[in-house]
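Trainee: This is the structure, below, for whatever I ask next.
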Amino acid sequence: MSVILVTGSYDHEIRFWEAWSGICSRTISRTGETGQVNRLAISPDKRLLAAAIHKKINIYEIASSSNEPLVAFESHTGNVSAVAFHSEGKWLVTASEDGTIKVWDLRTSTLHRTYDNGAPVNDVIIHPNQGELISCDQAGSIKQWDLSDNICSHELASPFYYSSTPAGDTPIRSVTLAADGSFLVAGNNKGQIYVWRLHEDVPPNGVRFQAVTYFLAHPKYLTRCLLSPDARYLATCSADTTVKIWSIGPNYDFRLERVLVGHQRWVWDCAFSADSAYLVTASSDHTARLWEMASGETVRQYNGHHKAAVCCALHDGAS
């Protein structure tokens, strides 16, 4: 399976799709099991799918036809809001509305570490150096967690992002990091985007996160922001039913390149192809769509979910 495309829905189903034909090739129906699917992640080797389902995380074998998970991680006491695989596929990181971030050992199927964030966590990503996590939360904070020292090593409290923009305690909904770790983008509940340059070697002033720009991406609630693998584009998803594609200039100049119009309701999630040429989106209109970045057109629509499609995952790169 060279292309893995998966969607999750409030109908409790997880669906695998043939990306180009639009045919659903497998459905994990989870019969008799409660809990909506919140987030999905595919392991780097394309072997495993992690599905955040209410308070737990199910790990499925992608090549299998079984509806039963290999293992279920149950320790969170609130909705699981994010899942991410470590690059070597040995660890899984999860975040939850219970205010914690957890690191799981996939080799032993055990909980390895818990970070107490102190506020409901909306998103977490693994830094490309694989040694740090970056999270965002309902309190409006962005934090960097050191995996080796087991501590929060940096915190960006929202009133201090920009002196001209007292963002206050507006929840930060989503964070995304350039593949080379050079800059960070965050989006909040009011549709605002904030951008920082990251200094790998912390300069003498001790500032690792250097604020470079901010702008209003959507007039309504922002659900996801995601940088393309080549870091040339930013995709932002919103309650306004659109996905906006922003090109990124050499001096962090963000320019609205195109607006992807077609979904009828909220757009919840998106995923880029490995070559940054395509984008998959998931929407409350029950569908997922595959968009061609060059034209901004829908090239395939995935129909089958009976309720809102709220998450998607795509892995078409080398395994």
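Trainee: Just report the Cα centroid separation between the stretch 110-159 and the stretch 187-237, whole Å.
Mentor: Measuring centre to centre over Cα atoms gives 16 Å.
Trainee: Okay, next question. Below 8 Å between Cα atoms, with a sequence gap of 6+, how large is the relative contact order for the stretch 42-115 in percent?
Mentor: Numbers: 156 pairs, mean separation 16.1, N = 74.
So the answer I get is 22 percent.
Trainee: So with the 1.4 Å probe, I'd like the accessible area per residue for the chain, rounded to whole Å². Let's see the in-between values first.
Mentor: Working: 12960 Å² over 319 residues.
Result: 41 Å² per residue.
Trainee: In square angstrom, rounded to the nearest 10, how much accessible surface does Tyr10 have for a 1.4 Å probe?
Mentor: Using a 1.4 Å probe on the heavy atoms, I get roughly 80 Å².
Trainee: Please sort 70-77, 268-275 by packing, taking for each peptide the average over its residues of neighbouring beta carbons within 10 angstrom, highest first. Before the final figure, lay out the partial values.
Mentor: Working: 70-77: 16.0, 268-275: 21.0.
Result, highest mean first: 268-275, 70-77.
Trainee: Can you check what the net charge comes to around Arg289, using other residues whose Cβ is under 13 Å from the Cβ of Arg289 (Lys, Arg +1; Asp, Glu -1)?
Mentor: Details: positive: Arg265, Arg300; negative: Asp269, Asp285, Glu292, Glu297.
Once positives and negatives cancel, what remains is -2.
Trainee: Let me ask something additional. Mind listing the phi-derived Karplus ³J(HN,Hα) values for the stretch 279-293, rounded to whole Hz, using 6.51, -1.76 and 1.60 with θ = phi - 60°, and x for any glycine or proline?
Mentor: 9, 9, 10, 10, 9, 5, 7, 6, 10, 10, 9, 10, 10, 8, 5
Trainee: What nm distance separates the two modelled labels at Ser182 and His199, each placed 7 Å from Cα along Cα→Cβ?
Mentor: With each label point 7 Å from Cα toward Cβ, the separation is 1.7 nm.
Trainee: Tally Lys/Arg at +1 and Asp/Glu at -1 over every other residue whose Cβ is under 10 Å from the Cβ of Phe272; what's the total? List each step's numbers first, then the result.
Mentor: Values: positive: none; negative: Asp230, Asp275, Asp316.
With Lys, Arg at +1 and Asp, Glu at -1, the net is -3.
Trainee: Relative contact order, percent, of the chain when contacts are C-alpha pairs under 8 Å separated by at least 6 residues?
Mentor: 13
Trainee: Give the Rg (one decimal place) followed by the Dmax (whole number) of the chain, computed from C-alpha coordinates and expressed in Å.
Mentor: Taking only Cα atoms of the chain, I get Rg and Dmax of 18.3, 58 Å.
Trainee: Here is a follow-up. Can you tell me the relative contact order of the stretch 256-307? Whole percent, Cα pairs under 8 Å, sequence separation 6 or more.
Mentor: On the way: 92 pairs, mean separation 14.7, N = 52.
The value is 28 percent.
Trainee: Can you work out the PRE-style zone for His306? Point 7 Å along Cα to Cβ, and I want the residues of the stretch 266-295 with backbone N under 19 Å.
Mentor: 283-288
Trainee: Hey, which aspartates and glutamates would be in cross-link range of Lys102, C-alpha to C-alpha under 14 Å, not counting anything within fewer than 8 residues on its own chain?
Mentor: Answer for Lys102, where 14 Å is the Cα cut-off: Glu74, Asp116, Asp123, Glu132, Asp146, listed by chain and number.
Trainee: How far apart, in nm, are two points set 7 Å out from the Cα along the Cα-to-Cβ line at Ile151 and at Asp105?
Mentor: 2.4
Trainee: Return the carbon/sulfur percentage of the accessible area of the stretch 231-295, one whole number, probe 1.4 Å, all protein chains in place. Intermediate results must be reported in sequence, preceding the final value.
Mentor: On the way: 1190 of 2520 Å².
Result for the stretch 231-295: 47 percent of the exposed heavy-atom area is carbon or sulfur.
The values are calculated or read from the model by the stated rules, or taken from the named source; none is laboratory data. A quick note: this is a predicted structure, and the numbers were derived from the prediction, not measured. So basically every Cβ, Gly included, is an ideal-geometry build from the backbone, and we count neighbours across all protein chains shown. Heavy atoms of the whole protein, side chains included, go into the accessibility calculation; ligands, DNA and RNA do not. Shrake-Rupley method; radii C 1.70, N 1.55, O 1.52, S 1.80 Å.
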